[in-house]
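Computed from the coordinates by the stated procedures, all read-outs in this text should not be read as laboratory data. What you see is a predicted model; the values in this text were computed from it and never measured. FYI the Cβ positions are ideal-geometry reconstructions off the backbone, even for glycines, and counts take in every protein chain you see.
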Amino acid sequence: MIRNNMIFSDFEIETSSYTYYKLVVSLSDVDIFDSSYHEDIFVARSWTPEYFLWCYNTIGHDYKWWYFNYKTDVELYEYLNDPTKEYITFMNEGKPSGMAIIKYEDDPAGPRRPLSPLDNIDSMCNLEYFGLFPDSIGKGVGKQFLNSCLTRAALRANRMWVYTTSLDHPAALPTYESLGFQITERKIVDEYFPQLC
């Protein structure tokens with residue numbers, strides 16, 4: 001199968017053993033009125049498969065992101081038009097520098113989170129994807145982008161969870177932890193990966 005100028009062979013596979021982490025952070029103390037964190041992101045209600053796969057493969061090629069290259073057009077359309085998700089592009093110096101997808105428990109266009117501390121709610125959201133384009137890595141923008149995602153998510157939820165692995169960029173786990181994410185699950189995983197040509 002060929003997608004986005006990348007070839008994935010059903011017969012060329014490799015096995016990798018890696019550490020899998022689940023992290024959770026409270027959004028209760030995030031300053032949702034700090035508008036500066038929203039100036040660097042463009043939020044969409046849907047993406048085209050072409051744009052998503054360009055981001056997905058550009059960002060994830062070195063980290064064994066392969067899953068969506070095996071999805072059908074119908075499956076991609078459904079994933080990229082989910083009303084419970086926000087599709088976020090991080091802009092830096094006038095060009096896309098990263099992407100994120102946040103999944104909420106309900107429609108993010110619906111009512112906002114009650115702002116009173118007396119409101120007893122527990123709404124969790126999932127940072128399904130988060131990554132920077134290769135030419136943006138090492139420039140200190142990752143934490144800025146993640147902060148923007150947290151501020152955005154705090155309008156709808158009290159907590160956020162995310163998965164990362166030892167296959168991701170070495171700065172990924174420390175960046176999450178520096179912004180308050182705590183590891184709640186850790187395990188060793190063996191997985192078969194198609195080789196990216």
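Summary of computed values
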| item | result |
| --- | --- |
| The range 125-197 - charge dipole about Cα centre, Lys and Arg +1 at Cβ, Asp and Glu -1, debye rounded to 20 | 380 |
| In nm, spacing of pseudo-spin labels at Ser123 and Glu75 (7 Å Cα→C-beta vector) | 3.1 |
| J(HN,Hα) series, the range 19-25, from Karplus relation 6.51 cos²θ - 1.76 cosθ + 1.60, nearest Hz, glycine and proline x | 9, 10, 10, 10, 10, 10, 9 |
| Protection proxy ranking, peptides 127-133, 157-163, average beta carbon neighbours within 10 Å, highest first | 127-133, 157-163 |
| Under 5 Å, built H, 5+ apart or other chain: amide partners of Asn92 | Ser97 |
